[in-house]
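Following: one structure in structure tokens, then a few remarks.
The values are calculated or read from the model by the stated rules, or taken from the named source; none is laboratory data. Computed from a predicted structure; not experimentally measured. In this analysis, Cβ positions are derived from the backbone assuming ideal geometry, glycine residues included, and neighbour counts consider all displayed protein chains.
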């Protein structure tokens, strides 16, 4: 299924009721929301931490890209943002 096109100028933010939190035990990050808690890996947490409504998806990818030595990371980050939007974790305005 293809995601609907998003404007290059759309800003990305966490959806209402979603909150990125660090695990108090120091075991990573999780996303809390109305439907429960989702454990996140380091890359997902880094991407969602930038979803504060000030950056576009390409700006977010550019900021996390230097952290990765893998050239396919940009594609993976785009796919993650698409999946996060489908799951209702983020919105683009």
> residue 6: at pLDDT 95 or above, closer than 20 Å to residue 75 by Cβ and in contact with a helix residue (DSSP H, G or I) (Cβ under 9 Å, 6 or more places away or on another chain), yes or no?
Replying inline: no
> Taking only pairs six or more apart or across chains, which ones have beta-carbon atoms under 6 Å, a first residue in segment 23-40 that is on the phi < 0 side of the Ramachandran plot and touching a residue at least 24 places away in the same chain (Cβ under 8 Å), and a second residue that is part of a loop (DSSP other than H, G, I, E, B) and loosely packed, with under 13 Cβ neighbours inside 10 Å?
Replying inline: 33/17
> Looking at segment 46-59, which of its residues are modelled with pLDDT of 95 or more and in contact with a strand residue (DSSP E or B) (Cβ under 7 Å, 6 or more places away or on another chain)?
Replying inline: 48, 49, 51, 52, 53, 54, 55, 56
> Mind checking which residues of segment 56-93 are crowded, with 16+ Cβ neighbours inside 10 Å, under 17 Å from residue 16 (Cα atoms) and free of Cβ contacts under 8 Å to residues at least 60 places away in the same chain?
Replying inline: 84
